Structure formats: C-alpha cells, structure tokens
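The values are calculated or read from the model by the stated rules, or taken from the named source; none is laboratory data. Worth saying up front: this structure is predicted, and the values here are computed from it rather than measured. Cβ placement follows ideal geometry from the backbone for every residue including glycine, while neighbour counts extend to all protein chains displayed.
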Amino acid sequence: TYVIRSGLLLNTIYLFPVWLLSPDAELPPHLENLKHTQKTINSTAEKHPAHEGDELDSILVLIWMWPFTHPLTQMSCSLFNITGCHLIGDRSQYAQAHGVMFHHREIHNNWPDLLELSRPPLQKWVWMNMESPANSQKLPGLDNLFNLTANYRRDSDIWVPYGWIVEASNDNKAFKIPKKDKLVCWFIYGGHFDRYQSKQDYFKIISNCKFYLSFENSIYKDYITEKLYNPLTSGTVPVVLGPPRENYEEFVPGNSFIHVVDFRSPEQLADHLKLLDQNQEMYEQYFTWRTHFTAKVSYFGVDHACGICDYISKHKSY
C-alpha cells in the first residue's frame, strides 16, 4: 500500500503492459465504412504492377516488422467485416504488396536501410506509431519517406484511437456497477518485484476500484490511451491526467471521467473523491452514459493494418 500527498491510499500493482484484444470490437464512427463488407475491386480497377494482366481481387498489406516484436495473433480483417484484404509478415512478398506498414519503434536501428529499398510503383508506405512524441525517437532521413500515417492522432490518414464509445447492445444496456472494495487504484508499468498480472486479474482488480488513476506518461493532443479505456470498460471511474478536458470530451462523454485540472490541488481532488465515496447517488452519476453506450478498446496492430488496407482499397492513386 502506498500513500500520495493527497492522503489517498493506492493499491499499486507492477506489471508488463497488456494489449487488449477485443474480438467483438465495433469500429469507431470515423471508420464506419469498415463495418460493411468491402466489395472486391472489379476488373476495371487500376492494375497493380505485381498483378499485371490479372484481376486485382485483394489488397496485400505487408507488416514490415511485428510491433514490439510480437506477431499478430489475428491476421484477418474479417474482424471488421472487411473482405479483399490479405495481411502478411513475409518480406519475400514485398514486391507484391500494395502497402507496407512500418512501426516506428522497430525501425530505430535500421532506418537507413529503408532509404536504399527499391519501391514498386504505386506501393504505399505507412508510418505507424502509437507513442507520444516524447517517447518516439526522432529519426533523421524519414521526411517524405512515407505516403501515409496511421496512429492515434485524429488528423492522421488512418486514425486508430486506443478505444472508442459505441452504442450499447441490449446486453450491455443491463450494465450494473461492479461491487467495489477499493477506493483508488493505479497500475504502473514495470517488473521490479515480479508481480505480473493476467489480463483477467487485471480487469478484476480495476473493476473492484471506485476510481482509477489514468495518468498519461506525457501530455499531447489526442494522446488518450488504454489508461482511459480500460477502466471505462471495467465499470470504474477514470481520474485523468493528460490533454485538456475538451480534448477528452472529443472521445468520451464528459460525465464519464474526472479531470485533475478541475481541481486547484491534489488535496481538493482527494476531498472530492472521498465525498463521492460517501455519496453513492453522486458517484453513480458517472455511469449514466452506460445506459445507452459502452466503451471498446482497439485491437492493436490488426486495427491499423486493416485500416491501412481499407484506405488503400479506396485510394488507389499514388
């Protein structure tokens, strides 16, 4: 048990980060087109050089290096009702790929090699990164190297947020606030004490907390990560530290979270949390949005690759 200056007791767990897989994830409004089955490109479509003389019946997206060195467990875009897409990790098919996804973290040590690569005509290179600028090494020579961007920024070509709000299904509309036996929880990245948690235990612990400290590691526009969406999906109120409240409200309902900047001091924030702890009716106001909506967490990697495929299928010009 740890104590912060506000006097709140924190249940702190050390663990490696967990990318949450959501096989039943629905897509955010900006990717509404991905909900519908993509028609196979017809024979009159512009031919890719690798298929010259043949009908182009699928889009091939090459994942240059596995993000964070972890192979994707799902290589099908059927998750998003997208057909006509083929995701691969085999570089021997580089010349046949319509698009290539490069994860920023994995090209740190070999980016000069990319400058020497011969690029097939019309092939699109996509820069993919989900870290903030503070945690993204600046690499010289990348200017004008990529055709498209895929990341959490709303102004990227392929926007993939860490999560989103969707209309609740009939099952989700029966949402009940989980039983709480902790006031405030905070999960911290690290492995110094060998206290690793399974995904199931992770969500169980969060759901047992009234509040979760959703503190981002750096503050940038649109950088709103799983630290927000994990507690939202678990039935817990996030206490956020990140971009301004206005930016958060572009992603989630304003009454679904507590922003630290709304308080003059940690002590004032602590007093507010203790007040909510003693007033169930006030606390439950942070869940009124669950009557009609629920939260989803993105399917890391596949979300990006399938978004890239869908984009390329609809933007065939170079």
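Please work out if ASN147 is more than 21 Å from the chain's Cα centre (by Cα) and closer than 16 Å to ILE308 by Cβ. Spelling it out, ASN147 is indeed more than 21 Å from the chain's Cα centre (by Cα) and closer than 16 Å to ILE308 by Cβ.
Do we have any residue at all in the range 167-183 that's crowded, with 19+ Cβ neighbours inside 10 Å, over 22 Å from PRO266 (Cα atoms), in contact with a helix residue (DSSP H, G or I) (Cβ under 9 Å, 6 or more places away or on another chain) and of a type outside the set (Ser, Thr, Tyr)? Checking the range 167-183: not a single residue is crowded, with 19+ Cβ neighbours inside 10 Å, over 22 Å from PRO266 (Cα atoms), in contact with a helix residue (DSSP H, G or I) (Cβ under 9 Å, 6 or more places away or on another chain) and of a type outside the set (Ser, Thr, Tyr).
Only one of the numbered conditions (1) more than 30 Å from CYS309 (Cα to Cα); (2) under 16 Å from the mean Cα position of the chain (by Cα); (3) acidic (Asp, Glu) is violated by ASP157, and that is (1).
Of the residues making up the range 54-71, not one is modelled with pLDDT under 85 and closer than 15 Å to ILE308 by Cα. The residue of the range 271-305 that is modelled with the highest pLDDT, among those that are assigned to a helix (DSSP H, G or I) and basic (Lys, Arg), is LYS274.
A count restricted to the range 78-113 and to residues that are under 12 Å from MET65 (Cβ atoms) and either surrounded by 15 or more Cβ atoms within 10 Å (Cβ to Cβ) or touching a strand residue (DSSP E or B) at 6+ places or on another chain (Cβ under 6 Å) (or both) stands at 10. Search the range 233-253 for residues being out of contact with any Asp or Glu (no Cβ under 9 Å at 6 or more places or on another chain) and surrounded by fewer than 17 Cβ atoms within 10 Å (Cβ to Cβ), and hand back the single one that is nearest to GLU167 (Cα to Cα). Per the criteria, the residue is GLU249.
Listed here are the residues, each with its yes/no results for (1) among the polar types (S, T, N, Q); (2) at pLDDT 95 or above.
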residue: GLN200; (1), (2): yes, no
residue: LYS204; (1), (2): no, no
residue: TYR212; (1), (2): no, yes
residue: THR225; (1), (2): yes, yes
residue: SER234; (1), (2): yes, yes
residue: VAL239; (1), (2): no, yes
residue: ARG245; (1), (2): no, yes
residue: TYR248; (1), (2): no, yes
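Residues in the range 213-230 that are touching a residue at least 24 places away in the same chain (Cβ under 8 Å) and touching a Leu at 6+ places or on another chain (Cβ under 9 Å): 8 in all. Filtering the range 132-164 to residues that are over 24 Å from PRO120 (Cβ atoms), assigned to a strand (DSSP E or B) and at pLDDT 95 or above leaves ASN151, TRP159, GLY163.
Residue pairs whose Cβ atoms lie under 6 Å apart, sitting 6 or more positions apart in sequence or on different chains, and linking a residue in the range 263-283 that is closer than 13 Å to VAL184 by Cβ and of a type outside the set (Asp, Glu) to a partner that is at pLDDT below 95 and not in a helix (DSSP H, G or I), are PRO266/ARG5; PRO266/SER6; ALA270/SER6; ALA270/GLY7; ALA270/LEU8. Considering only residues that are part of a helix (DSSP H, G or I) and of a type in the set (Val, Ile, Thr), which ones fall in the range 82-110? The answer is ILE107, and nothing else.
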